[in-house]
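Student: Supplied in structure tokens, the structure appears directly below.
The values are calculated or read from the model by the stated rules, or taken from the named source; none is laboratory data. Because the structure is a prediction, the values reported are computed rather than measured. Note: ideal-geometry Cβ built from the backbone for every residue, glycine included; neighbour counts use all protein chains shown. Side chains included, ligands, DNA and RNA excluded: accessible areas come from the protein's heavy atoms. Shrake-Rupley method; radii C 1.70, N 1.55, O 1.52, S 1.80 Å.
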Amino acid sequence: MLRGLPFPKPARKPKPMHTLGIDFGTSNSAAGVSVNGAPWLIEMEPGENTLPTAVFFDPHSKQMQIGHRAVRALINGEEGRFLRALKSLLGTPLLHEERRLGGERLTFATVIARFLAQIKQRAEVSTGMTFSQALSGRPVYFHSADMARNTKAEEDLRACYLEAGFENVRFMFEPVAALRATATTEGYGLIADIGGGTSDFTVFHQTATGKTDILASHGLRLGGTDFDRQISIDTVMPLFGRGSEIRNSFGAETHTAPKRIFNELATWQLIPFVYAPESRKLAADLAQFAKEPEKLARLVSVLEYELGHDVAFAVERGKITANSANSASAEINLSPVEPRLKAALPLEKLVATMAPLASQISREAKEALLLADIAPEQINRVVLVGGSALMGIVSSELGALCPNARLDAQNAMTAVASGLALAAAD
């Protein structure tokens, strides 16, 4: 035996570098991997491979619940703070503002990181793999009107992934990811991904042998939460005093109730901010001098009992019903605010409210075709992706834009996540 010489240690095998495909959405999120060349979406909750991008902070347990559990906590009236549409805060100063949530002072960036960390943990438990890398979907433009803010949004999201425990993250345009999970059809096609916060378009060409060329991608910051916002402003907020006349404390003159408080209450990502003391005081002052005090009293109740998200969910449900076969009797049930309070939302009213937004989506889809130098008549397939793409007025606008195209909505809700799962194996 040789003495004095160190015994050589066996070489450590390098840890496998697994990549998790993550569709972090404004309204819903999902994650997956590729198994034998096919996408496999991970069961995030029992029986569900997608989950709402929502969190709930319980002040007693100090726990952050996510997904359907968070939504149920809100619906059940549990004490705590509910947050949704956090993706819309990326690139904005609000993302880094601290709030007291679940007994801690947290930024919304850390909340997103913790949400992503739970997705990572659930994926690892489900697969038995360790995911050190992420392939994340991203819109073509987080902020289509501000390129500096658009760049900052990706930087913010990257930082959230790193804080969540990933060592590295790559990004892929969401409509390009959806294309990976779309069956091949010869000819020119358009992916129209209308999500909760953005609308994104990819123009592509495929040959009979399956060769795919991406010709252009384009997008804008407008999606399903904007539909909800406009419906709420036009249909619900007048019941809370929007447009009402307010008497001056001195004299007989009147002025219209300021729009800002109603606009913020109708905006998913701004609802938590409208409960601030100054907003509550403003609502109380408006109610005191209102010519229609019963309407402003509802606004006071919504702020006092923090019912903003209950109202937003009621608007979302009404929108879905109005878009369905039951459109003639569709209504927004506002009973959490006041017993038997409802707002009628027949299909014709929904269409009138959404028409300007749907036209804007169509214009930007046409811009994507211009960037690709492809005439709308050359498109033989429009692939609809995202829940908002299934709204009748949106699909009708896109069908009218591309008159020779077949509308394909077969994989609308999971195409992005499935495509990211496939691309994560590259």
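Student: Go through the range 373-387 and count every residue that is out of contact with any helix residue (DSSP H, G or I) (no Cβ under 8 Å at 6 or more places or on another chain) and in contact (Cβ under 8 Å) with a residue 60 or more places away in the chain.
Tutor: 5
Student: While we're here: Just name the residue that is surrounded by the most Cβ atoms within 10 Å (Cβ to Cβ) out of those in the range 393-406 that are in contact with a helix residue (DSSP H, G or I) (Cβ under 6 Å, 6 or more places away or on another chain) and over 21 Å from Ala322 (Cα atoms).
Tutor: Cys402
Student: Sticking with this one: For the range 143-154, indicate whether the set of residues that are part of a helix (DSSP H, G or I), open to solvent by less than 10 Å² (accessible area, probe 1.4 Å) and either under 20 Å from Met64 (Cα atoms) or at pLDDT below 95 (or both) is non-empty.
Tutor: The answer is no, given that none of the residues of the range 143-154 is part of a helix (DSSP H, G or I), open to solvent by less than 10 Å² (accessible area, probe 1.4 Å) and either under 20 Å from Met64 (Cα atoms) or at pLDDT below 95 (or both).
Student: Right, another one. Show the residue pairs that are 6+ apart or on different chains and have beta-carbon atoms under 7 Å apart, the first residue being within the range 388-409 and of a type in the set (Ser, Thr, Tyr), the second being in a helix (DSSP H, G or I).
Tutor: These pairs meet every condition: Ser388/Gly224; Ser388/Phe227; Ser388/Val394; Ser395/Ala389.
Student: Ok, one more. Residues Gly47, Gly91, Gly67, Gly102: which one is open to solvent by 30 Å² or more (accessible area, probe 1.4 Å), on the phi > 0 side of the Ramachandran plot and of a type in the set (Gly, Ala, Ser)?
Tutor: Going through Gly47, Gly91, Gly67, Gly102 in turn, just one is open to solvent by 30 Å² or more (accessible area, probe 1.4 Å), on the phi > 0 side of the Ramachandran plot and of a type in the set (Gly, Ala, Ser): Gly47.
Student: Would you pick out the residues in the range 352-371 that are more than 21 Å from the chain's Cα centre (by Cα) and either under 20 Å from Cys402 (Cβ atoms) or not aliphatic (A, V, I, L, M) (or both)?
Tutor: Selection gives Arg363, Lys366, Glu367, Ala368, Leu369, Leu370, Leu371.
Student: Could you say whether any residue in the range 17-34 is touching a helix residue (DSSP H, G or I) at 6+ places or on another chain (Cβ under 8 Å), at pLDDT 95 or above, under 25 Å from Ser388 (Cβ atoms) and of a type in the set (Phe, Trp, Tyr)?
Tutor: yes
Student: Only residues that are among the small types (Gly, Ala, Ser) and within 20 Å of the chain's Cα centre (by Cα): list them for the range 38-88, please.
Tutor: Ala54, Gly67, Ala70, Ala73, Ala85, Ser88
Student: So for the range 379-390 (the condition being part of a loop (DSSP other than H, G, I, E, B) and either among the basic types (Lys, Arg) or surrounded by fewer than 23 Cβ atoms within 10 Å (Cβ to Cβ) (or both)), does at least one residue qualify?
Tutor: So far as the range 379-390 goes, no, none of its residues is part of a loop (DSSP other than H, G, I, E, B) and either among the basic types (Lys, Arg) or surrounded by fewer than 23 Cβ atoms within 10 Å (Cβ to Cβ) (or both).
Student: Does Phe201 qualify as being over 29 Å from Gln118 (Cβ atoms), under 18 Å from the mean Cα position of the chain (by Cα) and either open to solvent by 40 Å² or more (accessible area, probe 1.4 Å) or of a type in the set (Phe, Trp, Tyr) (or both)?
Tutor: Yes, satisfied.
Student: Check the range 318-331 and report whether any residue there is more than 30 Å from Val382 (Cα to Cα) and either in contact with a strand residue (DSSP E or B) (Cβ under 7 Å, 6 or more places away or on another chain) or at pLDDT 95 or above (or both).
Tutor: Looking for residues that are more than 30 Å from Val382 (Cα to Cα) and either in contact with a strand residue (DSSP E or B) (Cβ under 7 Å, 6 or more places away or on another chain) or at pLDDT 95 or above (or both), one finds at least one in the range 318-331, hence yes.
Student: When the range 345-368 is examined, which residues are found to be within 22 Å of Phe240 (Cβ to Cβ) and free of Cβ contacts under 8 Å to residues at least 60 places away in the same chain?
Tutor: Pro346, Ala352
Student: Out of curiosity, is Ile231 surrounded by fewer than 20 Cβ atoms within 10 Å (Cβ to Cβ), of a type in the set (A, V, I, L, M, F, W, C) and in contact with a Ser or Thr (Cβ under 7 Å, 6 or more places away or on another chain)?
Tutor: When the stated conditions are applied, Ile231 does not pass them.
Student: Would you call Ala134 assigned to a strand (DSSP E or B), closer than 26 Å to Gln63 by Cβ, open to solvent by less than 30 Å² (accessible area, probe 1.4 Å) and not polar (S, T, N, Q)?
Tutor: It is true that Ala134 is assigned to a strand (DSSP E or B), closer than 26 Å to Gln63 by Cβ, open to solvent by less than 30 Å² (accessible area, probe 1.4 Å) and not polar (S, T, N, Q).
Student: Please go through the range 167-198 and pick out each residue that is within 19 Å of Leu90 (Cα to Cα), charged (D, E, K, R) and open to solvent by 40 Å² or more (accessible area, probe 1.4 Å).
Tutor: Arg170
Student: Please pick out the residue among Gly102, Gly165, Gly137 that is at pLDDT below 95 and not hydrophobic (A, V, I, L, M, F, W, C).
Tutor: Being at pLDDT below 95 and not hydrophobic (A, V, I, L, M, F, W, C) holds for just one of Gly102, Gly165, Gly137, which is Gly102.
Student: Let me ask something else about it. Say we look at the range 72-120 and pick out the residues that are in a loop (DSSP other than H, G, I, E, B) and in contact (Cβ under 8 Å) with a residue 40 or more places away in the chain; which of these is nearest to Leu222 (Cα to Cα)?
Tutor: Ranking the candidates gives Ala85 first.
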